[in-house]
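The values are calculated or read from the model by the stated rules, or taken from the named source; none is laboratory data. Bear in mind the structure is a predicted one, so any value in this text is a computation, not a measurement. So basically every Cβ, Gly included, is an ideal-geometry build from the backbone, and we count neighbours across all protein chains shown. SASA here: full protein model, heavy atoms, side chains in, ligands and nucleic acids out. Shrake-Rupley method; radii C 1.70, N 1.55, O 1.52, S 1.80 Å.
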Amino acid sequence: MNEYDSETMAGLLENSGYHLTDNPAEAGVILLNTCYVREKVKHKIYSRLGELKKLKKEKPQLILGLSGCLVQKEPEVVLERAPYLDFILGTSNFCQLQEVLEDISENRGRENQPEGKYSRIVSVEEGRVIPEGLPKVRKREFSAFVSVMRGCNNFCSYCYVPYVRGREVSRSCRDILGEVEELAQKGYKEVTLLGQNVNSYHKDGRKNMDFADLLVLVNQIESLRRIRFTTSHPKDLSAKLIEKMAELDKVCEHLHLPVQSGSNKILSKMNRGYTCEHYMDLVKKLRQAIPEIALSTDIIVGFPGEREEDFQDTLELVETVGFDGAFTFCYSPIRGTEAAQLRERIPEGISGQRLRRLIELQQKILTRKNESLIGKEVEIMVEKISKKSPDELQGRTRTNKIVVFKGGKELIGSIMAVKIVASGSRALKGKTNSC
Ligand code: SAM
Ligand code: SF4
């Protein structure tokens, strides 16, 4: 979601006459768009800001801004810790970027206003509606993010998202379809529909359309080849959505379904609204409907009160499901969330050790699963030149697995078949008929 917002901010900057550079030293404006899922992120942001402060000293004309979740959470702290910032923008105010830059330039142009000394622009007002039709500079050429909703109503006890991104607001179906159609006309072949919980698209009942209905319409867009979506909350994954996923040819055989823990006691403390049994039942139904489906997940270890036996339950669930990918995290208490008040905090040493054990298990599962693909032919969409070798390309299967293979850059953007010839835990190695 942050990446999607960053694409819009880049679009707004381009509209104001700026263009992107990879080199901070030649930038006129540097804007960091922040996330705040875990405390660790905060340290990274401040250390990056510290580096940029040095650059600003050398180049006082540089306009330095901060936006996103950290700003929304604690604007005063941000301004105190980084008084050299020229502006800050909250999660729903980033669309004011153009006005803010114009104001800064005007202020700087005034007489008696020494270079670099002007009031900072602070805009973190909540609940602003993001206008439709904002320009975007898409990071990728053939695959694009499209937001279907913003915010979250779930209040999982550890999570700060609902506090910084507000309540759920679904975009209109017309606007979403308009954006996807435009992308398809420009040659995009894949879209990823985004929301903190796409399964509750229009769940407020005001509109007679749910996420499954939206998928049906997106699937009808000609020249679009692949549809992905994230994130699906297990408590809201309906039988209808599973049915449509199986039925619609463009919907990829991959689902990110965060389980968070394999212990019902911990799930309840997390306020997740489902049990492990419910989750396992969903996995069964998904695999019955779409046998080749790949499942990935998010897991938090070391949540307050997590005993060794709870963690063992998580390992067991991970083994039983056999995930194709997992984002694993040590619990990070975030002030203002319900879980931050909970007793029975787990010492960092224990959480860290559990995380390592979990990652090790997941790696073993993945290695096993990837090995089983050797000799099979898969469909990939070629995304880019591989980072490891200029002679190799990187593509992605419908099940979201990375495949590296020998090929020329003219193949980028094409959808083709490759045969898997070797596997590793991070990527598969493929071969085309021509090489
Ligand atoms: N909306 C998505 C969902 O419900 O699954 C997830 C969005 S959240 C930004 C991404 C992941 O970060 C969560 O699934 C969770 O595993 C992790 N996360 C969120 N808050 C966390 C915290 N306080 N400590 C550790 N991990 C956290
Ligand atoms: Fe956070 Fe839970 Fe909402 Fe996901 S569903 S964004 S984890 S509160």
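Considered as a group, the residues in the stretch 143-191 that are among the aliphatic types (A, V, I, L, M) and within 16 Å of ligand 1 (Cβ to nearest atom) include one that is surrounded by the fewest Cβ atoms within 10 Å (Cβ to Cβ), and that residue is Val169. Among all residues of the stretch 53-68, there is at least one that is under 23 Å from Val137 (Cα atoms) and within 16 Å of ligand 1 (Cβ to nearest atom).
Is it the case that the stretch 286-293 has a residue that's of a type in the set (S, T, N, Q), surrounded by 15 or more Cβ atoms within 10 Å (Cβ to Cβ) and either away from ligand 2 (no atom under 16 Å from the Cβ) or closer than 15 Å to Thr399 by Cα (or both)? Within the stretch 286-293 (the criterion being of a type in the set (S, T, N, Q), surrounded by 15 or more Cβ atoms within 10 Å (Cβ to Cβ) and either away from ligand 2 (no atom under 16 Å from the Cβ) or closer than 15 Å to Thr399 by Cα (or both)), the answer is no, since none of the residues qualifies.
Can you tell me how many residues within the stretch 263-285 are assigned to a loop (DSSP other than H, G, I, E, B), open to solvent by less than 10 Å² (accessible area, probe 1.4 Å) and away from ligand 1 (no atom under 12 Å from the Cβ)? Looking only at that region, the number is 1. Being of a type outside the set (Gly, Ala, Ser), closer than 30 Å to Ser332 by Cα and within 15 Å of ligand 1 (Cβ to nearest atom) is a condition met by no residue of the stretch 209-221. Does the stretch 205-225 contain any residue that is surrounded by 15 or more Cβ atoms within 10 Å (Cβ to Cβ), within 19 Å of the chain's Cα centre (by Cα) and not charged (D, E, K, R)? The answer is yes, given that some residue of the stretch 205-225 is surrounded by 15 or more Cβ atoms within 10 Å (Cβ to Cβ), within 19 Å of the chain's Cα centre (by Cα) and not charged (D, E, K, R). When Gly187 is tested against (1) within 29 Å of Leu89 (Cα to Cα); (2) more than 16 Å from ligand 2 (Cβ to nearest atom); (3) in contact (Cβ under 8 Å) with a residue 40 or more places away in the chain, only condition (1) is not met. Being open to solvent by 10 Å² or more (accessible area, probe 1.4 Å), in a loop (DSSP other than H, G, I, E, B) and away from ligand 2 (no atom under 16 Å from the Cβ) is the requirement here; does Arg128 meet it? When the stated conditions are applied, Arg128 passes them.
Close Cβ contacts (under 8 Å, 6 or more residues apart or on different chains) running from residues in the stretch 1-20 that are over 18 Å from Phe145 (Cβ atoms) to residues that are open to solvent by 60 Å² or more (accessible area, probe 1.4 Å) and acidic (Asp, Glu) comprise Ser16/Glu102.
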